[in-house]
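Novice: This is the structure I want to talk about, given as structure tokens.
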Amino acid sequence: MNRAYRWGMYRAYRWGMYRAYSDMREANWKNSDRYFHSRGNQDAANRGPGGRWAAEKISNAREWFDQRVKGDSAADSARDQEANRWGRNGGDLNKYRPAGLPSKY
């Protein structure tokens, strides 16, 4: 993929990940973070190689920010990255779905 194509895919697919983040904020559901990490990555990856590429880059940047700026632990970041990879690789999202989360999500 050339650079312009990847940048276009990045801009297009970040919205799938943003939608998952927005839903997570709206749901405000305990223990749902990794479910939404996984879902956002899966949504982006399902759009093709550009989406998968964008999901990986966005996830890595987010975890870098969370550790270095927000002060999240390396262990928490590793768990988030596991959920990110699970989603990108097409794993069953129910692995991370918390009990009682409304079906809307």
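Each value in this text was obtained by applying a stated rule to the coordinates, not by laboratory testing. Model, not experiment: these values are computed from the prediction. Cβ: placed from backbone, ideal geometry, glycine included. Neighbour counts: every protein chain shown.
Novice: Does the range 53-74 hold any residues that are more than 17 Å from the chain's Cα centre (by Cα) and part of a loop (DSSP other than H, G, I, E, B), and which are they?
Specialist: GLY71, SER73
Novice: For the range 46-87, which residues satisfy the criterion of being touching a Ser or Thr at 6+ places or on another chain (Cβ under 8 Å) and over 18 Å from MET24 (Cα atoms)?
Specialist: The one that is touching a Ser or Thr at 6+ places or on another chain (Cβ under 8 Å) and over 18 Å from MET24 (Cα atoms): GLN67.
Novice: Being hydroxyl-bearing (Ser, Thr, Tyr) and part of a helix (DSSP H, G or I) is the filter; apply it to the range 16-44 and report the residue that is farthest from GLY90 (Cα to Cα). Walk me through how you get there before you give the answer.
Specialist: From the range 16-44, those hydroxyl-bearing (Ser, Thr, Tyr) are 18, 21-22, 32, 35, 38; that's our starting set.
The next check asks that each one be part of a helix (DSSP H, G or I); those that pass are 18, 21-22, 35, 38.
Numbers: TYR18: 18, TYR21: 18, SER22: 21, TYR35: 13, SER38: 9 Å.
So the residue we want is SER22.
Novice: Separate question: Being over 21 Å from ILE58 (Cα atoms) and of a type in the set (A, V, I, L, M) is the filter here, so list the residues in the range 70-105 that pass it.
Specialist: If the condition is that a residue be over 21 Å from ILE58 (Cα atoms) and of a type in the set (A, V, I, L, M), then ALA99, LEU101 are the ones that fit.
Novice: Let me ask you something else. Of the conditions (1) outside any loop (DSSP other than H, G, I, E, B); (2) touching a residue at least 24 places away in the same chain (Cβ under 8 Å), ARG47 satisfies every one except a single condition; which number is it?
Specialist: If we test ARG47 against (1) outside any loop (DSSP other than H, G, I, E, B); (2) touching a residue at least 24 places away in the same chain (Cβ under 8 Å), just (1) comes out false.
Novice: With respect to GLY40, is the statement that it is within 26 Å of ASN2 (Cα to Cα) and small (Gly, Ala, Ser) true?
Specialist: For GLY40, the condition - within 26 Å of ASN2 (Cα to Cα) and small (Gly, Ala, Ser) - is met.
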